[in-house]
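Here is the structure we will look at, set down as structure tokens.
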Amino acid sequence: MNVTTRHIFVAAVLAALLVAVVIVYCPGRGGDPYSGNPRKRLAAVAELRGRTDQASLRTLRRLSDDSEPRVAVAAVNAISSYSGKSSRILKEILAGSPSAPARGAAAAALGRCKDVDSRVLADALVTDKDPMVRAGAAKGLARRREGAALPELVAALEDPDARVRLWAITAIARTTALRFDYDAAADPGRQADKIKFIRETLRRRSGLR
């Protein structure tokens, strides 16, 4: 390799390294995970989605606690796309994130994680004080379709929030392949007979306690 060829080769290597640095540290399309502008943080989430390096995952985890719900939820959804890595982080978000929308999104996403016990979602459905989280837990259980969570799902038919009731009856239908006369938008206090019928039917068919 002569001097000219060597110089060209070195220049090409340096150019490639520069491009790599720009891609990693200077997000395209104006994304900035540290910006005070939520649109830039949201753009940063979109740019980080699909990356497999630990630095990107740590940044997404931080953004999942963002005060802007759109950013927090987008970060959770990006984390959920990480194969083999997401369930532990999603459980961490569900257990301790200050963002209720993020916790709800994490609960829903955990429904796709087969390595996570469905009791995690059933417990959140029963105990969490925020309806967004309870709705997310019911949505996650709708994805799991596991009969063990039917008692909690039936109890959720009396939840004060319509979103929780909607996902609870959806999860019951998907789990049992049964359709019941129940209106999630209506006051559950006026549907006591319908809820009792659902509970008794499932008790006969599946041993519901």
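Read-outs: derived from the displayed coordinates by stated rules, not from any lab. Owing to the predicted nature of the structure, the values given are computational and were not obtained by experimental measurement. Glycine also receives a Cβ, built like all others from the backbone with ideal geometry; neighbour counts cover every protein chain displayed.
Brief remarks follow.
- The stretch 65-196 - Kirkwood radius from inverse mean 1/r over Cα pairs (Å): 14.6 Å
- Nitroxide proxy distance, nm - points 7 Å out along Cα→Cβ at residue 180 and residue 70: 3.8 nm
- In this label model, residue 187 and residue 55 are separated by 5.8 nm, measuring between points 7 Å along each Cα→Cβ vector.
- Sorting the segments 181-190, 69-78, 158-167 by their residues' average number of neighbouring beta-carbon atoms within 10 angstrom, most packed first, yields 69-78, 158-167, 181-190.
- Note on residue 162 and residue 37: the extension gain reaches 41.7 nm, defined as 0.36 nm multiplied by sequence separation minus the Cα-Cα distance.
- If R0 equals 22 Å, the separation of the Cβ atoms of residue 81 and residue 119 corresponds to a calculated FRET efficiency of about 0.35.
- When the convex hull of its Cα atoms is viewed from all sides, the stretch 33-100 shows a mean projected area of 4.0 nm².
- Modelled spin labels at residue 46 and residue 205, positioned 7 Å past Cα toward Cβ, are 4.3 nm from each other.
- Sorted on the mean count of surrounding Cβ atoms within 10 Å across their residues, most packed first, peptides 32-42, 132-142, 96-106 read 132-142, 96-106, 32-42.
- Likely footprinting exposure, 127, 176, 170, fewest C-beta neighbours within 10 Å first: 127, 170, 176
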